[in-house]
1. Sort through 407, 389 and tell me the only one that's among the aromatic types (Phe, Trp, Tyr), open to solvent by 10 Å² or more (accessible area, probe 1.4 Å) and in contact with a strand residue (DSSP E or B) (Cβ under 8 Å, 6 or more places away or on another chain).
2. On the basis of being among the acidic types (Asp, Glu), touching a helix residue (DSSP H, G or I) at 6+ places or on another chain (Cβ under 8 Å) and either at pLDDT below 90 or within 27 Å of residue 40 (Cβ to Cβ) (or both), does residue 128 make the cut?
3. I'd like to check something: does the stretch 269-288 contain any residue that is assigned to a helix (DSSP H, G or I) and under 22 Å from residue 409 (Cβ atoms)?
4. Taking the stated definitions as given, is residue 353 touching a residue at least 40 places away in the same chain (Cβ under 8 Å), more than 22 Å from residue 442 (Cβ to Cβ) and open to solvent by 30 Å² or more (accessible area, probe 1.4 Å)?
5. Can residue 332 be described as in contact with a strand residue (DSSP E or B) (Cβ under 7 Å, 6 or more places away or on another chain), over 26 Å from residue 253 (Cα atoms), hydrophobic (A, V, I, L, M, F, W, C) and in contact (Cβ under 8 Å) with a residue 60 or more places away in the chain?
6. Take residues that are small (Gly, Ala, Ser) and out of contact with any Gly (no Cβ under 9 Å at 6 or more places or on another chain) and tell me which of the helices (runs of 4 or more DSSP H) falling wholly in the stretch 310-394 contain 2 or more.
7. Restrict the check to the stretch 93-110 and report whether at least one residue is at pLDDT 85 or above and assigned to a strand (DSSP E or B).
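The values are calculated or read from the model by the stated rules, or taken from the named source; none is laboratory data. These numbers were taken from a predicted model, which means no experiment stands behind them. Cβ coordinates were reconstructed from backbone atoms using ideal geometry, including for glycine residues, and neighbour counts include every protein chain displayed. Side chains are part of the model used for accessible areas, which takes the heavy atoms of the whole protein and leaves out ligands, DNA and RNA. Shrake-Rupley method; radii C 1.70, N 1.55, O 1.52, S 1.80 Å.
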Amino acid sequence: MRLPLRLRLTLVFAVGMALVVAGLGAFAYFRTKSDLVASVDAGLRSRAQVLVNSVSRNTDLGGVLVEGKLIDPDEAFAQVLDASGRIVDTSSAVSSAPLLTAGEVRSISKFYFVTRQIEEIQQYENLDDPFRLLAVTVAGPPQRVVVVGATLSDVNDALQRLLNTMVTIGPGAILLTAAAAWLLAGAALRPVELMRREAAAVSASEPGRRLPVPRSGDELARLATTLNSMLDRLQEAVERERRFVDTASHELRTPLATLRAEVELALIRPREARELEASLRSAQEDVKRLQRLAEDFLVLARSRGGQVPVRRVQTHLAALVTKSVQFVSDQARDAGVTIEVDSSDDTVELDPDRVHQALRNLLENAVRHTPRDGVVRVGANRTNGTVRFVVADSGAGFPAEVMASAFDPFTRGKRENSDPDGTGLGLAIVRAVTEAHGGSVSAENTPAGARVTVELRT
């Protein structure tokens, strides 16, 4: 199970602080040790220089002795060795054996520092701590080596006190940092928790509820703003789907009610064959309308999922446009509208069924909004890998209130509200087919009327 984010952040801060404390402690420890040893070395140099000068002036060593021994302050000692490593003179604390071996004496050129442990010289049982030695040669004849030394007890005591201090303070610093990190992480994550709770409270019953935006203006504020924008889009999509379902139900109910009424009228009393045929033909028209609606709904549903199937085949533009014009020829004749065609005879690769569906919707809309004795013009041509269809009418054009949403489902102008044949799906189908071909569609008003341009990539 993953740890909570707040705890993970606290652990990261604690581990980081532990590493920092350990690093600083190690640096302080070894730096202090180096400084203390350097201080001891400086004292040894000073004492060695005094003894070297005394030995150089008194070759018989008589003036070096003070009360029969070398200068021997507390925890410090000295020896004078000859070239073979034998003791010439010594402090009482180290009189039992030479401090250096004969080999070490012969290898000394000028001076020689060394740290010795107690176990390395077993004769010095009276010394309890490691000691530091400095050996300096004295020019002869006879050649002598002055060895001065001091125990490192004070150095070790100081280092132990420093270590004890760090061991005492270090865990406290780590705990203090962990506590501060816990509080800081809690304060930083509090707006996130508030957003989480508010997001959990957003539901279908309260679609307008939004996340609180922190006033800090930082990343969390931008995150809350982005999430609120996403919720706005989701709410808009849900409302659009709800309107879609409501309108679709209404559009389906009308032809179904008409179809039911016609069937009931046909069955209410015995009728002649001619009357039954007329009822059946009327019912057939309603069934065709229902079929058209079902096809349109299917295309729109697939277009919202980006899955409108397109089967491209080699298609003659002129034949495709002619087929679409023939489909609405009866409607145009009844409305007293003339359809003019201007199409090239190019062969292009597209889905003829889908494009026919789009052209049919455009022509039906154009005929429906063109006054009697008006003209609908349809053109098709191919230019640089793009097929361009233009359908223009001589009507009043698109109402201003629908221009921005002309290609949305169920969009109708005021003039369409009284039109029983208009469903508001035609231009939405055109856009779905166009986008499935990777193209674009636009609508505009011209001085002559409305014009829709469809461009498809081939």
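1. Exactly one residue qualifies, and that residue is 407.
2. Spelling it out, residue 128 is indeed among the acidic types (Asp, Glu), touching a helix residue (DSSP H, G or I) at 6+ places or on another chain (Cβ under 8 Å) and either at pLDDT below 90 or within 27 Å of residue 40 (Cβ to Cβ) (or both).
3. Yes, the stretch 269-288 contains a residue that is assigned to a helix (DSSP H, G or I) and under 22 Å from residue 409 (Cβ atoms).
4. Yes.
5. For residue 332, the condition - in contact with a strand residue (DSSP E or B) (Cβ under 7 Å, 6 or more places away or on another chain), over 26 Å from residue 253 (Cα atoms), hydrophobic (A, V, I, L, M, F, W, C) and in contact (Cβ under 8 Å) with a residue 60 or more places away in the chain - is not met.
6. Once the helices (runs of 4 or more DSSP H) in the stretch 310-394 are filtered for at least 2 residues that are small (Gly, Ala, Ser) and out of contact with any Gly (no Cβ under 9 Å at 6 or more places or on another chain), what remains is 317-327, 329-335.
7. No, the stretch 93-110 contains no residue that is at pLDDT 85 or above and assigned to a strand (DSSP E or B).
Residues are listed down the side, and each one gets a yes or a no for (1) more than 48 Å from the chain's Cα centre (by Cα); (2) surrounded by 15 or more Cβ atoms within 10 Å (Cβ to Cβ); (3) of a type in the set (D, E, K, R):
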site	(1), (2), (3)
7	no, no, no
13	no, yes, no
28	no, no, no
34	yes, no, no
42	yes, no, no
